[in-house]
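Notes follow once the structure below has been shown.
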Amino acid sequence: MSPPRSLYAVIVLLCAVTLAACSSDRSAPAPMSTHPVRFTYGVPQDITPLVLPATGAETRWSQGLDAFAQSIGEATSRACARSHGTALPDHPPPAYIRRAELPDLEFIRQHGFGAVPVALPGPSPADASTGVSPAGQRCLRQGAEAMRGFRDLYATTQSAWMTEVAGLRAVPAVREAFRGLGPCLAARGIEAADEEGLFAVADRRLAADRTDADLAVAYTACMAPVEAIRSPLREQLRRRFLATHSAQLRELNRALPARIGQLQAHHGIWLSFPVP
């Protein structure tokens, strides 16, 4: 089953990107790397970047954690559907989805804006010729509940952190840096006034199965001045956040790796992280 087109809108709206210098050079963008995304496995000793990423590169860890949660839901739904001999409704598959507030510029420069799908072991339930049954709908809800059950371990702390990160957009120096994004994109031949406009263009390209290589290269170059200001601010912000949420982080360091291990053994799926 191919990913629903609606998945691409989610991908683009949550995108992240790479580090290069903003320039008025209108020469053709450098070609994107065609090598496939690789993956690493295993639970890190310090779970801080899993839950509280502060750099674009660290978001690969948090992407892995969120993709693992999605995979738990998918594996639960598939098992339920197999037991009932039914099909699941069409739904977005598990994927490593990046965040616009924490752009992983190097990864986007190499691979573009599309999400990387998560490979799960075992076949998907076959599509039903007469449509999706009520049992299939119930199985999808059961998977969603399993995903939420795992995410509840860290979601409150992570959401609080991401709220803090998003607040950096109000910093005057950050606002000033963002003013240069539209002109920089225009100088590179991209008709988008801001991030939202560029994401919309990328969304349309991906939905039409067209390349987004030029968009990715331009975006990573033009976001570099913004990230040069935001990155150190995020590092400072995380140090303060860790100090004020020390009890929650100690509990997460105790509980999260243990729960991941239990779920890996139960479902036969593994916590994994994308690598450029």
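The values are calculated or read from the model by the stated rules, or taken from the named source; none is laboratory data. Keep in mind it's a predicted model, so treat the numbers as computed, not measured. All Cβ positions, glycine included, derive from the backbone under ideal geometry; neighbour counts span all protein chains shown. Each accessible area value is taken on the protein alone, full model and side chains, heavy atoms only, with ligands, DNA and RNA left out. Shrake-Rupley method; radii C 1.70, N 1.55, O 1.52, S 1.80 Å.
Computed values, structure above
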quantity: Relative packing of peptides 232-239, 149-156 - highest average C-beta neighbours within 10 Å first; calculated: 149-156, 232-239
quantity: Other-chain or far-sequence residues with amide H under 5 Å of residue 96's (modelled H); calculated: 116, 118
quantity: Hz values of 3J(HN,Hα) by residue in region 228-242 - Karplus curve (6.51, -1.76, 1.60), Gly and Pro given as x; calculated: 4, 8, 6, 4, x, 5, 5, 4, 5, 5, 5, 4, 5, 5, 4
quantity: Whole-Hz ³J(HN,Hα) from phi, Karplus 6.51 cos²θ - 1.76 cosθ + 1.60, for region 151-156, glycine and proline x; calculated: 5, 4, 4, 10, 4, 5
quantity: Per residue accessible area of region 181-276, 1.4 Å probe, in Å²; calculated: 46
quantity: Options 159, 276, 215, ranked by Cα towards positive dipole end of region 151-276, top entry (Cβ charges); calculated: 159
quantity: Hz values of 3J(HN,Hα) by residue in region 181-197 - Karplus curve (6.51, -1.76, 1.60), Gly and Pro given as x; calculated: 5, x, x, 5, 5, 4, 5, 9, x, 9, 8, 8, 7, 7, 4, 4, x
quantity: Gain in span if fully extended, residue 83 to residue 162, counting 0.36 nm per residue against the direct Cα distance; calculated: 24.6 nm
quantity: Rounded FRET efficiency, nearest 0.05, which uses the C-beta distance separating residue 211 from residue 171 and R0 of 30 Å; calculated: 0.30
